[in-house]
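What follows is calculated from the coordinates using simple rules that are stated; it is not laboratory data. As the structure is a computational prediction, the values presented were derived from the model and not from experiment. Because the Cβ atoms are built from the backbone with ideal geometry, glycine has one as well, and the counts that use them run over all protein chains shown.
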Amino acid sequence: MIEFKIHIRMAEHRLTQKEVSTYVGITPSVMGKYFHGTITRINPEHLDKFCKLFNCNTQDLIEYIPDEETATK
């Protein structure tokens with residue numbers, strides 16, 4: 001499972017979804033999908049802008065968490 005941590009970075013920087021969507025150049029609805037972790041296609045340009053905004057690496061925005069089923073096999 002992939003877990004998005006963009007909402008955590010936003011809280012750390014005290015930024016709203018509107019502020020981040022404006023900086024990244026995406027619509028508020030797409031920003032909401034990143035924020036809630038429901039985005040299905042990740043645009044590398046968006047990740048680049050998120051990383052620049054938050055001064056972080058992609059690993060700080062996205063984390064792979066193995067499913068329990070897979071981890072126990």
Problem - Estimated 222 nm signal from helices in the chain, with DSSP H stretches of n ≥ 4 weighted -39500 (n - 2.57), rounded to 500 - result: -15000 deg cm²/dmol
Completion exercise
Around PHE4 (Cβ within 12 Å, Cβ-to-Cβ, excluding PHE4; K/R +1, D/E -1) the net charge comes to 0
Problem - q = 0.12, 0.17, 0.18 Å⁻¹: log10 I(q)/I(0) that the Debye formula gives for the chain, counting C-alpha atoms only - result: -0.33, -0.60, -0.66
Practice task
For the chain, with a Gaussian network of springs between Cα atoms less than 10 Å apart, report the residue from THR40, THR58, THR22 with the top mean-square fluctuation.
Solution key: THR40
